[in-house]
């Protein structure tokens, strides 16, 4: 994918299975937004083949579009409308594409309850808080009961309880509804909790693809053993922390304090992969360019 002479995506190749939650991670300018926009049909690729639900997004018809849902980072809402009225209006677009296998749209009252907006259903959208409006964004993306859902920073502005409720909803959609979900987030904890697979995108390339546990074992397998002895603190990196701790205890025993083993997490893995790739890549402008 290029904008003029600037190459934004290079050989990006991946699949998303039915009911799978896949998360795109990467620094700003890595190509996440461009990837999502190509898959949604909002941007034409300069090369390569794209298939979403069996069709090329660039030529997808209304029946195809009724099968996908999109939650953008932000959108222009209708401040004088209420959530109930807006969702009922949007639901009318999906009713013609309902089938026994995939009934559409979602029942509006049920959806309002699912996203936690029942109490706000008849308030003007202009009076809702930022977090409440974000819940409405999610409801708009879900109203057609999509087979594939794109989530772009879905929990931005959510309080901790709303974020937890949303995570439960994502698992419900994937596990019970069979909805495939592709999301982007800067919250590594959220990616670890939600995603079956994580794709790390750097400089327009996928540099890692796997579960959070698999990626952690692959790249950041070294643990840190930390302890204090006679008031002095020590840190030792090792791939085999248990044998090292046993040896340490056998040799120093009662002299040790504050002994702990710190295993790598997704943040360690993500930073290691990005830094490893960027150290091998000649410096160049990484920001996405809007044509």
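The values are calculated or read from the model by the stated rules, or taken from the named source; none is laboratory data. Here the structure is a predicted model, which means the values were calculated and not measured. Note that we place each Cβ from the backbone using ideal geometry, even for glycine, and neighbour counts take in every protein chain shown.
Residues 136, 128, 142: which one is at pLDDT 90 or above, more than 14 Å from the chain's Cα centre (by Cα) and over 24 Å from residue 40 (Cβ atoms)? After ruling out the rest, the residue left standing is 128.
Take the residues in region 227-263 that are in contact (Cβ under 8 Å) with a residue 24 or more places away in the chain and in contact with a helix residue (DSSP H, G or I) (Cβ under 6 Å, 6 or more places away or on another chain), then tell me which one is nearest to residue 216 (Cα to Cα). Taking the candidates together, the pick is 261. Taken as a whole, region 97-108 holds at least one residue that is assigned by TED's automatic domain parsing to the domain that holds residue 176, crowded, with 17+ Cβ neighbours inside 10 Å and under 25 Å from residue 156 (Cα atoms).
Matching residues to (1) closer than 25 Å to residue 184 by Cβ; (2) in the same structural domain as residue 15 (by TED's automatic domain parsing); (3) without any contact (Cβ under 8 Å) to a residue 40 or more places away in the chain:
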residue: 80; (1), (2), (3): no, yes, no
residue: 86; (1), (2), (3): yes, yes, no
residue: 146; (1), (2), (3): yes, yes, no
residue: 158; (1), (2), (3): yes, yes, yes
residue: 164; (1), (2), (3): yes, yes, yes
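Exactly one residue among 112, 182, 142, 151 is in contact (Cβ under 8 Å) with a residue 12 or more places away in the chain, crowded, with 21+ Cβ neighbours inside 10 Å and over 27 Å from residue 39 (Cβ atoms), and that residue is 112. Inspect region 36-58 for any residue being in contact (Cβ under 8 Å) with a residue 24 or more places away in the chain, touching a strand residue (DSSP E or B) at 6+ places or on another chain (Cβ under 8 Å), in a strand (DSSP E or B) and crowded, with 19+ Cβ neighbours inside 10 Å and give the result as yes or no. The answer is yes, given that some residue of region 36-58 is in contact (Cβ under 8 Å) with a residue 24 or more places away in the chain, touching a strand residue (DSSP E or B) at 6+ places or on another chain (Cβ under 8 Å), in a strand (DSSP E or B) and crowded, with 19+ Cβ neighbours inside 10 Å. Set side by side, the residues 90, 111 differ, and just one is under 26 Å from residue 164 (Cβ atoms) and in a helix (DSSP H, G or I), which is 111. Looking across 179, 216, 155, one residue alone is modelled with pLDDT under 85 and closer than 30 Å to residue 83 by Cα. It is 155.
Kindly evaluate residue 82 against the criterion of being at pLDDT 95 or above and over 16 Å from the mean Cα position of the chain (by Cα). For residue 82, the condition - at pLDDT 95 or above and over 16 Å from the mean Cα position of the chain (by Cα) - is met.
Evaluate the following for residue 222: is it surrounded by fewer than 21 Cβ atoms within 10 Å (Cβ to Cβ), within 14 Å of the chain's Cα centre (by Cα) and at pLDDT below 90? It is false that residue 222 is surrounded by fewer than 21 Cβ atoms within 10 Å (Cβ to Cβ), within 14 Å of the chain's Cα centre (by Cα) and at pLDDT below 90.
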